[in-house]
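See structure below.
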Amino acid sequence: MEFVNLILFFIYTFGIGFTISSILKLKYKDYLEITFINIGLGLAGFLVVGVLLNLLHIPLDWKIFLLISLIGPLYWASKNYNKIFTWNFNFPKKIRMSNIFGLIVLALFLFTVLMYSKGAFSYPWLEDGDPWTHLMGVKYISEEKTVFEPVEGIDYFFYIDPYPPGFDMLLGVMNQTSGDIVWTLKFFNILIISLAIPFSYFFFGKLTKSSSKALIGTFILAVLPSFMSHFIWAHSLAITLVPLIFYAALSIEEDHKWSYAAALFLGSSTLVQPTQPIKFIALFIIFSLVKSFSNKGIWKQYTKVLFIGGILGLLWWGPLILQSGGLIDTAENFRGSSIYVEDKRVEKPYYGSLGTATRFYHWQDFFLLD
């Protein structure tokens with residue numbers, strides 16, 4: 001069942017991404033880039049489609065996502081029927097360095113998946129804190145097929161409504177075809193994190209215009225202990241979207257149609273986590289200003305990215321702002337739902353043995369001596 005679930009994940013993401021690429025007529029360098037960037041587009045597209053379906057009160061059912069993901073590929077297949085059955089794969093007579101680098105990137109991707117899996121599945125439990133809270137949201141979405149709270153005004157599930165529900169929504173849909181919710185949370189969190197490795201390779205390639213430098217940067221990222229961990233939280237998906245945002249932003253100079261892809265990546269990040277996208281937008285604005293010095297007309301495309309990305313973000317935040325009575329009230333309500341009076345971290349921010357952002361770290365947190 002887990003293998004079928006994995007196949008479905010790639011059908012959803014690649015299928016939706018393929019449809020977006022076909023509509024925009026995006027161009028790629030090779031098959032590896034086509035595959036992973038389409039998966040990235042599909043990942044972002046899945047979030048937007050899911051929030052839109054939920055807004056229209058259409059159930060977040062895996063069969064609906066499967067149907068949507070197959071529309072583009074099936075339409076392409078119907079138009080290219082003859083090509084499919086006459087296409088022959090010819091192994092390249094001359095192996096280029098780009099082919100070797102691609103294989104190394106695939107190896108780094110698989111290494112990252114195995115590394116995180118080794119840690120995450122070495123025990124049957126979830127870590128304290130966020131993972132259990134996400135589990136409740138994922139289970140609710142899986143069963144009820146919605147990201148709206150069951151009772152208006154009562155915050156049963158912390159990481160959905162008003163919290164951007166993208167991460168729990170994705171895992172909730174994946175859990176509908178899985179018999180083990182703990183496996184679903186652990187594995188797909190790992191897979192999402194690991195996809196940042198090939199995504200970063202293509203971003204570094206655009207940034208440096210050098211495959212060798214891109215590979216070195218990707219290797220450093222893959223072995224960097226401070227990059228990510230297998231800890232289950234919405235940041236996993238938010239951070240994974242970052243290299244895609246700037247890959248698309250750098251591609252705009254080659255083809256302005258990439259501005260729509262960049263807007264999709266940036267806008268979808270606002271459907272995942274409430275604070276990190278603020279940093280992404282700030283970085284994007286700085287990036288846009290710097291690029292505008294060397295390319296005077298490009299600022300129009302970057303403005304388009306921010307505008308369309310903002311509209312996509314409003315699919316979730318718009319109704320929330322209207323319901324709360326304004327942007328300031330929304331922020332206050334959101335802040336209020338995230339703080340509990342009995343939480344000792346409110347009074348003592350460095351309390352006990354809690355984790356990230358709740359206390360100072362010491363050497364004993366990183367070195368265990370038997």
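The residue of segment 265-294 that is nearest to the chain's Cα centre (by Cα), among those that are more than 14 Å from residue 308 (Cα to Cα) and small (Gly, Ala, Ser), is 282. The single residue among 70, 60, 43, 66 that is surrounded by fewer than 17 Cβ atoms within 10 Å (Cβ to Cβ), at pLDDT 95 or above and not charged (D, E, K, R) turns out to be 66. Taking residue 213 as the residue in question, decide whether it is surrounded by fewer than 16 Cβ atoms within 10 Å (Cβ to Cβ) and either free of Cβ contacts under 8 Å to residues at least 60 places away in the same chain or in a helix (DSSP H, G or I) (or both). When the stated conditions are applied, residue 213 passes them.
Contact map, segment 120-131: residues that are more than 17 Å from residue 184 (Cβ to Cβ) paired with residues that are part of a loop (DSSP other than H, G, I, E, B), Cβ distance under 7 Å, separation 6+ or inter-chain. Pairs shown: 129/355. Take the residues of segment 135-162 that are of a type in the set (D, E, K, R) and not in a loop (DSSP other than H, G, I, E, B): which is farthest from residue 65 (Cα to Cα)? Among residues in segment 135-162 that are of a type in the set (D, E, K, R) and not in a loop (DSSP other than H, G, I, E, B), the one farthest from residue 65 (Cα to Cα) is 139.
Would you confirm, using the coordinates I've provided, whether residue 282 is without any contact (Cβ under 8 Å) to a residue 60 or more places away in the chain, within 23 Å of residue 209 (Cβ to Cβ) and of a type in the set (Gly, Ala, Ser)? Write out each step before concluding.
Working: without any contact (Cβ under 8 Å) to a residue 60 or more places away in the chain: yes; within 23 Å of residue 209 (Cβ to Cβ): no; of a type in the set (Gly, Ala, Ser): yes.
Spelling it out, it is not the case that residue 282 is without any contact (Cβ under 8 Å) to a residue 60 or more places away in the chain, within 23 Å of residue 209 (Cβ to Cβ) and of a type in the set (Gly, Ala, Ser).
What pairs come up if the first residue lies in segment 6-20 and is in contact (Cβ under 8 Å) with a residue 12 or more places away in the chain, the second is outside any helix (DSSP H, G or I), and their beta carbons are under 9 Å apart, counting only those six or more places apart or on different chains? Close Cβ pairs (under 9 Å, with a partner that is outside any helix (DSSP H, G or I)) amount to 8/177; 20/26.
Specify the residue that is modelled with the lowest pLDDT; the eligible residues are those in segment 287-313 that are part of a helix (DSSP H, G or I) and β-branched (Val, Ile, Thr). Explain how you work it out, then say what you get.
Going residue by residue through segment 287-313, those that are part of a helix (DSSP H, G or I) are 287-294, 299-313.
Then drop every residue that is not β-branched (Val, Ile, Thr), which leaves 290, 303, 305, 308, 311.
On the way: 290: 92, 303: 95, 305: 96, 308: 97, 311: 96.
It comes out as 290.
For the subset of segment 239-286 comprising residues that are outside any helix (DSSP H, G or I) and among the polar types (S, T, N, Q), which member is modelled with the highest pLDDT?
Across segment 239-286, the extreme among qualifying residues is 270.
Could you pull out every one of the helices (runs of 4 or more DSSP H) wholly within segment 1-111 that has 3 or more residues that are within 24 Å of residue 165 (Cα to Cα) and in contact with a helix residue (DSSP H, G or I) (Cβ under 6 Å, 6 or more places away or on another chain)? Quick ask: steps written out before the conclusion?
Working: elements: 2-24, 31-55, 62-79, 81-86.
Ranges flagged: 2-24, 31-55, 62-79.
Here residue 159 fulfils each of the conditions (1) among the hydroxyl-bearing types (Ser, Thr, Tyr); (2) more than 20 Å from the chain's Cα centre (by Cα); (3) closer than 22 Å to residue 277 by Cα apart from (2).
Quick one: in segment 178-208, of everything that is of a type in the set (Ser, Thr, Tyr) and in contact with a Ser or Thr (Cβ under 9 Å, 6 or more places away or on another chain), which residue is modelled with the lowest pLDDT? Of everything passing the filter in segment 178-208, 178 is modelled with the lowest pLDDT. If you go through segment 163-181 one residue at a time, do you hit one that is part of a helix (DSSP H, G or I) and surrounded by fewer than 24 Cβ atoms within 10 Å (Cβ to Cβ)? Yes, segment 163-181 contains a residue that is part of a helix (DSSP H, G or I) and surrounded by fewer than 24 Cβ atoms within 10 Å (Cβ to Cβ).
Out of curiosity, is residue 108 modelled with pLDDT of 95 or more and farther than 20 Å from residue 178 by Cα? Yes; evaluated as a whole, the condition is true for this residue. Within segment 105-152, if we keep just the residues that are small (Gly, Ala, Ser) and at negative phi, the residue that is surrounded by the fewest Cβ atoms within 10 Å (Cβ to Cβ) turns out to be 122.
The values are calculated or read from the model by the stated rules, or taken from the named source; none is laboratory data. Given the structure is predicted, the values throughout are model-derived calculations rather than measurements. Note: ideal-geometry Cβ built from the backbone for every residue, glycine included; neighbour counts use all protein chains shown.
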